[in-house]
Amino acid sequence: MPTRILIVEDDPDIAQLVVRYLERAGFLTEHIASGRDALQAIAATPPDLLVLDVMLPHVDGLEICRQLRASSGTAGLPVIMLTARAEESERIGGLELGADDYLAKPFSPGELVARVRALLRRARPAGSAQAARPIEYGPIQLNAEQHVVTSEGRPVPLTAKEFLLLEYLLRHRGRVLSRDLLLTDVWGYRYTGGTRTVDVHVRRLREKLPLLIEALVTVPQFGYKLSDPPPSRTP
C-alpha cells in the first residue's frame with residue numbers, strides 16, 4: 001500500500017508543487033489548507049507522515065504539532081514542518097513541540113522528497129536478528145521490532161526521530177558522536193542548516209527519559225556520548 005502523506009499548506013502554489021513532487025516519488029498525497037480541517041482529518045484517519053506549514057488559518061502549525069504530540073494516537077506521527085526562512089524562532093519552536101524535521105522556505109522540492117524518505121526509512125534491515133532483540137540500558141528498554149520504548153516498565157511515547165536517535169545512541173554507547181554524524185546517520189542526509197536540530201531532540205529525550213540527563217554527556221563544541229555502562233541509580 002502506498003505511503004499516505006498529508007500536506008497542510010495554505011499557499012496553493014507551494015501545495016501544488018509539494019503534491020506533484022511527492023506523487024512523482026510514489027507517495028499518495030492529500031492536501032488540506034486549514035489547520036482546523038487538518039486536525040479533523042488526522043483524527044479521522046492519521047496519515048503516515050505530515051508535511052505541516054507553520055502559518056495556517058484557524059489553527060497554526062505549532063498548535064497542531066502540540067496537539068498531535070499530546071495524544072497517544074498521534075504522538076509518534078512523523079512531522080516535517082515548513083517555515084519562513086527568517087523565522088528562526090518558529091523553526092526551533094516546532095522542534096521543541098515535537099516536529100521531527102523542518103525546511104525553510106523557499107526550499108527545493110527534491111530536498112523535501114529526500115527528507116520525507118529519510119524520515120520514513122528505518123536504518124536497520126527488516127527482520128534482522130539485531131533489530132529483533134530489545135536493547136536494555138538501565139531501566140530503559142527499546143524494542144525496535146515493536147517500535148516501543150519503556151522505562152521501568154512504563155511506556156514512553158517518542159516521536160519518530162526521537163526513537164531513531166535513541167536507538168542509535170544505545171547501539172553506539174560509549175562512543176563520542178559528533179552532531180554531523182548524528183544528522184547523517186539518523187536523519188539520513190548531509191545537513192547544511194546547522195546542528196540545532198540534534199540539540200533539540202537530545203533535550204527532548206532527556207526530558208522524557210530522566211536517566212539520560214546524567215548518562216547522555218555533552219561533549220563541548222562536538223557532540224554527545226552515552227556513557228557505558230549506564231550510571232548506577234541511587235535508592
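Taking every alpha-carbon pair under 8 Å whose residues sit at least 6 apart, the chain reaches a relative contact order of 14 percent.
Label-to-label distance for R203 and Q40 is 3.5 nm, based on points extended 7 Å past Cα in the beta-carbon direction. Simple point charges give the picture: +1 on the Cβ of Lys and Arg, -1 on the Cβ of Asp and Glu, and for segment 129-226 a dipole about the Cα centre of about 200 debye. Can you give the FRET efficiency for A104 and H172, using 1/(1 + (r/R0)^6), R0 = 45 Å, r = Cβ-Cβ distance, to the nearest 0.05? That pair, A104 with H172, gives E of 0.95. Ranking N143, L166, V176 by how far each Cα lies toward the positive end of the dipole of segment 129-226 (charges on Cβ) leaves V176 at the top.
On full extension, the segment bounded by A70 and S227 gains 53.5 nm, given 0.36 nm per residue less the C-alpha separation.
Summarised in one figure, the compactness ratio Rg/Rh of the chain, Cα atoms and Kirkwood Rh, is 0.97. In degrees from 0 to 90, rounded to the nearest 10, what is the angle of the helix 109-120 Cα long axis to the longest principal axis of the chain? On a 0 to 90 degree scale, this one is about 40. By how many degrees, 0 to 90 and rounded to 10, does the Cα axis of helix 196-208 deviate from the longest principal axis of the chain? That helix lies at roughly 60 degrees to the long axis. Each Cα pair of segment 4-120 feeds into the Kirkwood radius, which the Stokes-Einstein equation turns, at 10 °C and 1.306 mPa s, into a diffusion coefficient of 115 µm²/s.
Annotation: the antiparallel percentage among DSSP beta bridges lying fully within the chain is about 45. Dipole size of segment 4-120 about its Cα centre, with +1 on Lys/Arg Cβ and -1 on Asp/Glu Cβ: approximately 320 debye, rounded to the nearest 20. Amide H contacts under 5 Å for V59: G35, R36, restricted to partners 5 or more places along the chain or on a different chain, H placed in the peptide plane at 1.01 Å from N. For R36, the shell of other residues with beta-carbons less than 13 Å away shows a net charge of -4, using +1 for Lys and Arg and -1 for Asp and Glu. Between A84 and R4, the modelled labels are 3.3 nm apart [label points 7 Å from Cα along Cα→Cβ].
By the scheme Lys and Arg +1, Asp and Glu -1, what is the net charge of all other residues having a beta-carbon under 11 Å from that of V59? Spelling it out: positives minus negatives among the neighbours equals -1. Size estimate for segment 129-226 follows the Kirkwood approach: the inverse of mean 1/r over distinct Cα pairs works out to 13.7 Å. With an a/c value of 1.5 or above and a/b not larger than b/c for the gyration tensor axes a ≥ b ≥ c computed over the alpha-carbon atoms, segment 1-71 is described as oblate.
For the chain, the longest principal axis of the Cα atoms and the long axis of helix 160-171 meet at an angle of about 20 degrees. Dividing the helix sum by the residues of the chain, where each DSSP H run of 4 or more adds -39500 (n - 2.57), gives a mean residue ellipticity at 222 nm of -11500 deg cm²/dmol. A Cβ-based charge dipole, computed about the Cα centre of the chain with Lys and Arg at +1 and Asp and Glu at -1, lands at about 880 debye. Among residues other than R204 with Cβ under 9 Å from its Cβ, the summed charge is 0 (Lys and Arg +1, Asp and Glu -1).
Each value in this text was obtained by applying a stated rule to the coordinates, not by laboratory testing. All values derive from a computational prediction rather than experimental measurement. Cβ atoms come from the backbone with ideal geometry, glycine included; neighbour counts cover every protein chain shown.
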